[in-house]
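To start, the structure under review is shown below, and the notes come after it.
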Amino acid sequence: MNAKDANYLVDIIAGARPNFMKVAPIMRAIDARRRTGSRLRYRLVHTGQHYDERMSGQFFTQLGIPAPDVNLEVGSGSQAEQTAGIMVGYERLLLSERSALCLVVGDVNSTMACAIAAQKLRVPVAHVEAGIRSGDWTMPEEINRLVTDSITNWFFTTSEVANSNLRRSGVPADAVFFVGNTMIDTLLDNMAKLRPPPFWEELTLEANGYFVMTLHRPANVDDPASFARLLEAVGSGVRGLPVIFPVHPRTAKAMQGMAVPACIKAVEPQPYLEFNHLVKHARGVITDSGGVTEETTVMGVPCLTLRDTTERPETVAIGTNELVGTDPSRLKPALDRLLDGHWKAGGIPPKWDGHTGERIARELERLLDAQP
Ligand code: UD1
């Protein structure tokens, strides 16, 4: 690589499941620019935070993401172990071949760890999905957001709320780029390819005749007694409809030996196309994920979020999402409203239009062009 090209090498960091759908459109947009003569190029760095086929491999295959150029293979560990392992691995990579920019997405440990390692070596940081805040410091993701944004140079945002959060914390306006939502680029791009999972027939699922549920936040699943109460409340509130529950690995550990209501159908973590097929045709979704609330908003599917806060308030203010909270007694009234046909219709937030990856690639090139 000659020196000029090195000025355009962007590290794209992906570590955990919710990162993969966010980076895919950015890489595609960079590839498209390259075909028309752009110097912009990327090195895909997988930190290995999520490592098994169900949490990582199948997303690469389905979303057409090329094999990572580098895998740091950090694996599981405590918050500090995982963060530290990624920092050590990524610092080593930057010292052996420096990039012009480190682009991180979302709010997982990989996001924060790579931002720190890069900025300390004076590699500028761009953060996609910057500026969102739940205000809840008990969530590791909120710490990751705060730390990452405090050392980010260029902020790519999904919403006006994120823009104003950044403004309030003193970020200059010319460092913020309101580009929209790359997760929604991926969703719109794959909408026609969504397909039912193999168990669709076996469970005799029908459109609007079942729920989808995902739960993995420590606040919901780590304490067995309260997790069991939550599952009971779901089971008794859905009027016998099946609840398809793709079980995240940390949730699977918590569920071992637990009695689960019969209508809750625990299944493996689903691949992207199957999961979103299930969501698209569900009567409603019960979740504690952030990304899922964005996807349900775009698909117009009622979404009950089992959290007390959200960093994505537009999914509530504009979309189909409602914060039900973590108290199981609040679930039934919400499910009753849904099942009685009184859920809000919802709209789509500005710039969630399928072209965010292109906007990001254009800005990246402009920003790197302007570097000394
Ligand atoms: C991480 C993110 C969270 C995101 C979630 C989506 C952080 C702080 N959290 O949480 O924001 O919503 O991913 O999945 O970064 N495991 C496997 N196979 C894998 C990956 C993990 O079995 O491929 C197991 C681990 O061994 C561990 C558990 O799942 O026991 C949790 O994994 P971890 O990466 O620590 O965090 P998540 O809870 O997945």
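The values are calculated or read from the model by the stated rules, or taken from the named source; none is laboratory data. Predicted, not measured: the structure shown is a model, and the values here were computed from it. Backbone-built Cβ (ideal geometry, glycine too); neighbour counts: all protein chains shown. Remember, those area values only see protein heavy atoms, side chains included, never the ligands or the DNA or RNA. Shrake-Rupley method; radii C 1.70, N 1.55, O 1.52, S 1.80 Å.
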### Query
Restricting attention to region 32-80, which residues are assigned to a helix (DSSP H, G or I) and in contact with an Asp or Glu (Cβ under 7 Å, 6 or more places away or on another chain)?
Arg33, Arg54
#### Entry: Hits in region 53-75 (condition: open to solvent by 70 Å² or more (accessible area, probe 1.4 Å), within 13 Å of the ligand (Cβ to nearest atom) and free of Cβ contacts under 8 Å to residues at least 24 places away in the same chain)
Glu53
### Query
Considering only residues of region 133-156 that are aliphatic (A, V, I, L, M) and either farther than 30 Å from Gly325 by Cα or open to solvent by less than 20 Å² (accessible area, probe 1.4 Å) (or both), which is farthest from the ligand (Cβ to nearest atom)?
Ile151
### Task
Give the residue, chosen from Pro349, Pro328, Pro333, that is modelled with pLDDT of 95 or more and in contact with a helix residue (DSSP H, G or I) (Cβ under 8 Å, 6 or more places away or on another chain).
Pro349
### Task
All but one of (1) surrounded by fewer than 17 Cβ atoms within 10 Å (Cβ to Cβ); (2) within 9 Å of the ligand (Cβ to nearest atom) hold for Gln49, so report the exception by its number.
(1)
### Message
Just to be sure before I move on: is Gly235 in a helix (DSSP H, G or I), at pLDDT 95 or above and farther than 23 Å from Asp189 by Cα in the structure I sent?
### Response
yes
### Query
Would you call Met213 within 22 Å of Val108 (Cβ to Cβ) and outside any helix (DSSP H, G or I)?
yes
### Query
Which of the following residues is over 25 Å from Arg359 (Cβ atoms) and either open to solvent by less than 10 Å² (accessible area, probe 1.4 Å) or modelled with pLDDT under 95 (or both): Ala130, Ala113?
Ala113
### Query
Which of the residues belonging to region 109-131 are closer than 25 Å to Leu368 by Cβ and either part of a helix (DSSP H, G or I) or within 13 Å of the ligand (Cβ to nearest atom) (or both)?
Ser110, Thr111, Met112, Ala113, Cys114, Ala115, Ile116, Ala117, Ala118, Gln119, Lys120, Glu129
### Query
Which residue out of Glu294, Glu268 is under 16 Å from the mean Cα position of the chain (by Cα) and either modelled with pLDDT under 95 or among the charged types (D, E, K, R) (or both)?
Glu294
### Query
Across region 243-257, which residue is farthest from Gly284 (Cα to Cα) among those that are open to solvent by less than 30 Å² (accessible area, probe 1.4 Å) and away from the ligand (no atom under 12 Å from the Cβ)?
Met255
### Task
Please tell me if Asp369 is away from the ligand (no atom under 16 Å from the Cβ), surrounded by fewer than 20 Cβ atoms within 10 Å (Cβ to Cβ), closer than 22 Å to Leu230 by Cβ and modelled with pLDDT under 95.
no
### Message
Let me spell it out: the conditions are (1) more than 12 Å from the ligand (Cβ to nearest atom); (2) crowded, with 17+ Cβ neighbours inside 10 Å, and Gln82 meets all of them except one. Which number is the exception?
### Response
(1)
